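Student: I have a structure I would like to understand better, so I am pasting it below and will then ask my questions one at a time.
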Amino acid sequence: MKLNKYTLITGASQGLGKAFAEFCAKKAHNLILISLPNESIDVLSKELKNKYSIQVITFELDLSKTENITYIVNAISNLDINVLINNVGIGGTKKFTEVSLEYIDNIILLNMRSLVVLTHQLLPKLLDQKAAYILNIASLAAFSPIPFKTIYPASKAFVSSFSRGLNTELKGTNVHVSVAYPGGMTTNKDVSQRIHSQSKLVKLSILPVSKIASICIKKLYNKKAIIIPGNINRLSSILQRIVPLQIQLSIMRKKIQKEL
Ligand SMILES: NC(=O)c1ccc[n+]([C@@H]2O[C@H](COP(=O)([O-])OP(=O)(O)OC[C@H]3O[C@@H](n4cnc5c(N)ncnc54)[C@H](OP(=O)(O)O)[C@@H]3O)[C@@H](O)[C@H]2O)c1
């Protein structure tokens, strides 16, 4: 009997991470799902096991703590993992002068450090596979600074740079790294509320998370280094490169100030 390998997904209890879990389960991947402690990861795990007859292992741990990453890596050391999806990420809209050190650390440790540490710790296992894939989730926000969000886009620019550098470093090995830059997605309550108050064009650019997950996984397997799901989002990424940054920043300042 052929034993299917495991796909590890961070931030898998809701939003895009959950959509990745559902897509991969349909394709008969065994899963390792990570989220913060809550009931939804267990509900999801049971549903996927029953529906697709796959193995699902869950961890409810805070990935911003390095000891939790070490614990997870040790606990799964006997499993064959061939896909790592670094999906977890948080952000927010606040004046930089008003944020706490805890707020800053949460974003930096989760969006950047946890992704790098997990990748570093799992890479030896991935290099042991015949073919292995890493998908890192950045954001369209990676392409330019954003006032009143400052840390989030900077963290996603880091994810982008890290991913592209690592993919090039690993050329000639069996491990491929893609980085995805989704636009807005109606996932958690905060983001959904913000998206619903935006222009028609922004609303038109919104794709269902199931569609984004399917685009990302297909392109990951096709070894695309860069994935920008959706035509409007691709157009927007081109405009971000063409329109002078100073103009973009002053438009964003006016727009985002209204969200505060
Ligand atoms: N939503 C957007 O508009 C948008 C746009 C572009 C890019 N992105 C990126 O896409 C990715 C997914 O975003 P999303 O909106 O789908 O997220 P989401 O709906 O807010 O879900 C977040 C997931 O991460 C888990 N999580 C949060 N903090 C954690 C921690 N410290 N340790 C372990 N797990 C933690 C949550 O677990 P619990 O359920 O247990 O809390 C949940 O499973 C992120 O990297 C985000 O930056 C999002």
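Read-outs: derived from the displayed coordinates by stated rules, not from any lab. Since we're looking at a predicted model, the values are computed, not measured. A quick note on method: Cβ atoms are made from the backbone with ideal geometry, for glycine too, and the neighbour counts reach across all protein chains shown.
Student: Filter the range 146-168 down to the residues that are buried (at least 18 other Cβ atoms within 10 Å of the Cβ) and in contact with a strand residue (DSSP E or B) (Cβ under 9 Å, 6 or more places away or on another chain) and list them by number.
Tutor: K156, V159, S160, F162, S163, L166, N167
Student: Check every one of the helices (runs of 4 or more DSSP H) wholly within the range 55-152 and list those with 2 or more residues that are closer than 16 Å to V179 by Cα, touching a residue at least 12 places away in the same chain (Cβ under 8 Å) and among the aliphatic types (A, V, I, L, M).
Tutor: Per the criteria, 115-127.
Student: Within 12 Å of the ligand (Cβ to nearest atom), over 21 Å from I212 (Cα atoms) and either surrounded by 16 or more Cβ atoms within 10 Å (Cβ to Cβ) or not charged (D, E, K, R) (or both) - does that describe any residue in the range 48-55?
Tutor: Checked against the condition, which is being within 12 Å of the ligand (Cβ to nearest atom), over 21 Å from I212 (Cα atoms) and either surrounded by 16 or more Cβ atoms within 10 Å (Cβ to Cβ) or not charged (D, E, K, R) (or both), the range 48-55 yields no hits at all.
Student: Let me ask something else. For the range 2-26: of the residues being touching a His at 6+ places or on another chain (Cβ under 8 Å) and surrounded by fewer than 24 Cβ atoms within 10 Å (Cβ to Cβ), which is nearest to D190 (Cα to Cα)?
Tutor: Y6
Student: Follow-up. Can you pull out every residue in the range 153-179 that is without any contact (Cβ under 8 Å) to a residue 40 or more places away in the chain and outside any helix (DSSP H, G or I)?
Tutor: Residues satisfying the conditions are L170, K171, G172.
Student: OK, next. Residues in the range 7-27 that are in a helix (DSSP H, G or I), near the ligand (Cβ under 9 Å from one of its atoms) and not hydrophobic (A, V, I, L, M, F, W, C): how many?
Tutor: 3
Student: Another one. In this structure, does D42 turn out to be more than 21 Å from A180 (Cβ to Cβ), of a type in the set (D, E) and either away from the ligand (no atom under 15 Å from the Cβ) or touching a residue at least 40 places away in the same chain (Cβ under 8 Å) (or both)?
Tutor: no
Student: Given the options S237, S199, name the one that is over 30 Å from G172 (Cβ atoms), among the hydroxyl-bearing types (S, T, Y) and either free of Cβ contacts under 8 Å to residues at least 40 places away in the same chain or touching a Leu at 6+ places or on another chain (Cβ under 7 Å) (or both).
Tutor: S199
Student: Residues being surrounded by fewer than 14 Cβ atoms within 10 Å (Cβ to Cβ) and closer than 22 Å to I232 by Cα: count how many of those fall in the range 169-189.
Tutor: Final tally of qualifying residues: 1.
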